[in-house]
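For reference, the structure discussed in these notes is given below.
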Amino acid sequence: MEQEQNNHKHNYPEIISKLINVIIALIFIILVLVVLLYKYLPNYCLSEENTSLKNQPDSNGLFTDAAKQEALKHIDTTHYWTVPNESTLSASEKETILYGRDLIVHTALYYGPSGKIFKNNTNSMNCQNCHLEGGTKVYGNNYSSVASTYPKYRARSGGIENIFKRVNDCFERSLNEKAIDTTSKEMKAIVAYIYWLGKDVPKGQKSAGSGLKELAFLDRAANADNGQKVYSEKCQSCHQANGGGQMNGDKTEFTYPPLWGNQSYNDGAGLYRLSNFAKFVKYNMPQGASHNSAQLSDEEAWDVSAFVNSQPRPKKNISKDWPKINEKPFDHPFGPYVDGFDEVQHKYGPFKKIKDKLASLNNEKK
Ligand code: HEC
Ligand code: HEC
């Protein structure tokens, strides 16, 4: 009995140590399995053969390859024009160019009601009001392709125009002011700035994103009544109910420029043509909109253009414009015309038929 009991006592530690060994071995095997699974399982799950996990949506929530390919097509990979680097300019070049830029950005401080160069009480707009960000915004009516394309033939004057003439066109029409002296320091600085902006665009070519972005025609006439609603909802808070805009505190320039009335552009200006206005507004207004984040539908853009350009504004004697009648654009609202359509349709559309007719008449002529 004594011995049996002793035997029993001896065996307990042995069993425990065996058990511990077995447990250690099991833990080791489990660890190895976990490592193996971790290493090979993800590859297996994501491999081509495995279809159960393949149809996961991507970060845009698209499932099929076709949808993913289609989405890729809409990513804008265009290499848009950008402003040249200022750091390569000499001190004197820089002074002229920055003066030119200031004349574009704060034109009214030089030529407005309290202008340093001359005082003008009819118009206080800045070039920048329409040539956004100092004439550098992509599709914000920028100047990037002016240096590369001027001098050029312009149908409005029926002759070859240089940049000086083009700048003065905007002074006389968009700013409804006097032309400035083409030999003045100011004209030279404005032209130097415009040349510098376009210096890397090859002669005869247009850069990506220059001027205004094309906009599809409506298949009906633009509607000023619809446009009035768009205006009161989406424009009036800044441009004011009377369209007269709002000046800054010390009345030296506009914070929100006028869209009509005697301080606005005259009826010989580029924006008085409905297509220019609609393209400008569609991709730039309300303030903050851009070519890749338009906020107006095409209908709203055309209709608000019809409303604004139906309001009173200064008149210019433009009897000498478009001396060759067949070169008048489809949306020039003053006759006579060669195409048989009336002034109302030339002002508000629908434009497609006019454009087609003009194209076929001008083809016959050739
Ligand atoms: C009320 C709006 C408005 C204002 C203000 C304005 N412009 Fe313009 N400008 C336009 C529009 C619109 C065009 C394009 C017209 C067209 O193509 O028929 C244009 C065209 C031009 C062009 C030719 C651009 C090109 O690519 O061919 C130059 C240069 C220019 N403006 C200079 C100026 C200067 C300088 C000022 C200030 C003195 C000025 N503009 C003020 C609306 C304006
Ligand atoms: C949040 C304010 C704001 C709203 C809303 C707004 N604009 Fe403007 N708009 C501006 C400013 C500011 C400028 C001048 C930009 C500059 O000088 O940099 C401007 C310029 C313009 C110009 C060219 C300059 C001129 O006076 O002729 C037109 C045209 C225009 N806006 C039309 C519209 C239309 C149409 C709407 C409504 C669809 C609209 N804007 C909504 C702030 C606004």
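Based solely on C-alpha atoms, express the radius of gyration and the Dmax of region 136-218 in angstrom.
Gyration radius and largest Cα-Cα distance of region 136-218: 13.5, 45 Å.
Over region 186-314, consider all pairs of different Cα atoms and compute the Kirkwood hydrodynamic radius from their mean reciprocal separation; express it in Å, one decimal.
By the Kirkwood definition, the hydrodynamic radius is 16.2 Å.
Select from the chain the helices, each a whole stretch of DSSP H, whose alpha-carbon atoms run 30 Å or more along the helix axis and whose Kyte-Doolittle mean is at least 0.0; answer none if there are none.
2-46
Taking the beta-carbon count within 10 Å as an exposure proxy, list Phe330, Phe118 from fewest neighbours to most.
By the 10 Å Cβ count, ascending, the order reads Phe118, Phe330.
Which of rounded, prolate or oblate describes region 309-366 when judged by the alpha-carbon gyration tensor and an a/c cut-off of 1.5?
Oblate is the answer for region 309-366, as a/c is 1.5 or above yet b/c matches or exceeds a/b.
Using a 10 Å Cβ count of at most 14 others and DSSP loop calls, identify the longest part of the chain lacking such GluC sites (Glu not before Pro).
Answer from the scan: 50-213.
Note down the net charge around Ser148, summing +1 for each Lys or Arg and -1 for each Asp or Glu among other residues with Cβ under 14 Å from its Cβ.
Result for the neighbourhood of Ser148: +4.
For the pair Glu343 and Ala91, how long in nm is the line joining their label points, each one 7 Å along Cα→Cβ?
5.8 nm
Roughly speaking, what % of Cα-Cα pairs in region 90-197 are separated by over 16 Å, rounded to a whole number?
58 percent
Please report, largest first and rounded to whole Å, the three semi-axes of the ellipsoid equivalent to the chain, where each semi-axis is the square root of five times an eigenvalue of the C-alpha gyration tensor.
Taking √(5λ) for each eigenvalue gives 69, 28, 22 Å, largest first.
Tell me, Ser148, Ser114, Ser293 in order of fewest to most beta-carbon neighbours within 10 Å?
Ser293, Ser114, Ser148
Ranked by Cβ crowding within 10 angstrom, fewest neighbours first, how are Asp225, Asp169 ordered?
Fewest-to-most Cβ neighbours within 10 Å comes out as Asp225, Asp169.
Using R₀ = 35 Å, calculate the FRET efficiency as 1/(1 + (r/R₀)^6) where r is the Cβ-Cβ separation of Lys73 and Lys229; round to 0.05.
E between Lys73 and Lys229, to the nearest 0.05, is 0.50.
For the chain, what does -39500 (n - 2.57) per DSSP helix run (n ≥ 4), summed and divided by total residues, give at 222 nm, in deg cm²/dmol to the nearest 500?
-13500 deg cm²/dmol
Bear in mind that the values in this text are calculations on the coordinates, not laboratory data. Just so we're clear, the structure is a prediction, and the values are computed from it rather than from any experiment. Note: ideal-geometry Cβ built from the backbone for every residue, glycine included; neighbour counts use all protein chains shown.
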